[in-house]
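Here the structure is laid out as structure tokens; the discussion comes afterwards.
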Amino acid sequence: MTKRFIIIALVLVLACGALFVSCKPDPVKDNKAIGEWFGEFLIPGEGENGGAYLDIYLNVKEDKTFEGEFEYTSEEPAKFTGTWTATSVNKGTVKFDVPDNSVLPDKVLNFYADDTNLIVYDAKDSGEAIVLTREAPNK
């Protein structure tokens, strides 16, 4: 009877352990950043307007890549791509595929995402963060 009780208890503990492991969210597959995003970023400058606004469109994909475009009001959109990694379902890093003579940063930036906002920032720089708003739901 005692052996049977120990075996049943062991099976229950293993089953519960497997259940808890299977319920743990996958930082990449369940990442809040996956989806389509839109935002504006002010590029500082001199003159009457004090700079120019840059419209940013971004599509973050489940395969750990992203693509997007940014545009000034009077120019054709410039396209960009890159990769991302996740440290949790809300946080991670992005790295742009930077061509020569690009305005994109050639460094790894951090991101934080929730259901409505994606914030891209440099943890080492006290500069302004880029805040994007979700266009399409997280799939």
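Taking θ = phi - 60°, what integer Hz values does the Karplus form 6.51 cos²θ - 1.76 cosθ + 1.60 yield along region 78-90, in sequence order, with x for Gly and Pro?
9, 8, 8, 9, x, 10, 9, 10, 10, 9, 7, 6, 10
Show me, for region 35-44, the HN-Hα J-couplings you get by feeding each phi into the Karplus relation (A = 6.51, B = -1.76, C = 1.60, θ = phi - 60°), rounded to Hz, glycine and proline as x.
Those phi angles translate into x, 10, 9, 9, x, 10, 9, 8, 8, x Hz.
Values in this text are rule-based calculations from the coordinates and carry no lab data. Small disclaimer: the values here were computed from a predicted structure and weren't measured.
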